[in-house]
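The values are calculated or read from the model by the stated rules, or taken from the named source; none is laboratory data. The model shown is predicted, which means the values in this text are computed figures rather than measured ones. Counting neighbours? That spans all protein chains shown, and the Cβs are built from the backbone with ideal geometry, glycine included.
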Amino acid sequence: MSISDRVIAIIAEQAVLEPSDVTPESTLEDLGIDSLGLVESIFAIEEEFDITIPFNANEPTASDFDITNVAAIISGIDKLVSEKV
């Protein structure tokens, strides 16, 4: 399973949707994920990939980690995973 598929599966689970309902263009708001769901998604992604996402739940807009849509999140995860090696 690719990084993209794994991230989509985590986000879909958080949104109580099927992975096929989550597109790269989907925003977390489109998917019905609130701030608590976002934090839970971040934790699940960090655990899945053994990475630390530079994200502050208290100031989500102050982070360099782009959460504007699913594609941006996947891109950020790809970068963090590649830097870990």
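Mind checking which residues of the range 75-85 are surrounded by 11 or more Cβ atoms within 10 Å (Cβ to Cβ), out of contact with any Phe, Trp or Tyr (no Cβ under 6 Å at 6 or more places or on another chain) and not hydrophobic (A, V, I, L, M, F, W, C)?
First, the residues of the range 75-85 that are surrounded by 11 or more Cβ atoms within 10 Å (Cβ to Cβ): 75-81.
After this cut, where a residue has to be out of contact with any Phe, Trp or Tyr (no Cβ under 6 Å at 6 or more places or on another chain) as well, the list is 75, 77-80.
Those that are surrounded by 11 or more Cβ atoms within 10 Å (Cβ to Cβ), out of contact with any Phe, Trp or Tyr (no Cβ under 6 Å at 6 or more places or on another chain) and not hydrophobic (A, V, I, L, M, F, W, C): S75, D78, K79.
Residues are listed down the side, and each one gets a yes or a no for (1) at pLDDT 90 or above; (2) surrounded by 18 or more Cβ atoms within 10 Å (Cβ to Cβ); (3) touching a Lys or Arg at 6+ places or on another chain (Cβ under 7 Å):
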site	(1), (2), (3)
V7	yes, yes, no
A12	yes, yes, no
V16	yes, no, no
S26	yes, yes, no
D30	yes, no, no
I42	yes, yes, no
F49	yes, yes, no
S63	no, no, no
I73	yes, yes, no
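Is at least one residue of the range 71-79 over 18 Å from D5 (Cα atoms) and either touching a Gly at 6+ places or on another chain (Cβ under 7 Å) or hydroxyl-bearing (S, T, Y) (or both)? The answer is no, given that none of the residues of the range 71-79 is over 18 Å from D5 (Cα atoms) and either touching a Gly at 6+ places or on another chain (Cβ under 7 Å) or hydroxyl-bearing (S, T, Y) (or both).
The one condition from (1) at pLDDT 95 or above; (2) in a helix (DSSP H, G or I); (3) among the acidic types (D, E) that E83 does not meet is (1).
Residues in the range 61-71: is at least one among the polar types (S, T, N, Q), without any contact (Cβ under 8 Å) to a residue 24 or more places away in the chain and not in a loop (DSSP other than H, G, I, E, B)? Step through it out loud before you land on a result.
Here is the first cut: in the range 61-71, the residues among the polar types (S, T, N, Q) are 61, 63, 68-69.
Filter once more, keeping what is without any contact (Cβ under 8 Å) to a residue 24 or more places away in the chain: 61, 63.
After this cut, where a residue has to be not in a loop (DSSP other than H, G, I, E, B) as well, the list is 61.
Taking every residue of the range 61-71 in turn, at least one turns out to be among the polar types (S, T, N, Q), without any contact (Cβ under 8 Å) to a residue 24 or more places away in the chain and not in a loop (DSSP other than H, G, I, E, B).
Would you point out the residue of the range 12-60, among those that are part of a helix (DSSP H, G or I) and touching a residue at least 40 places away in the same chain (Cβ under 8 Å), that is nearest to G76 (Cα to Cα)? For the range 12-60, the residue satisfying everything is F49.
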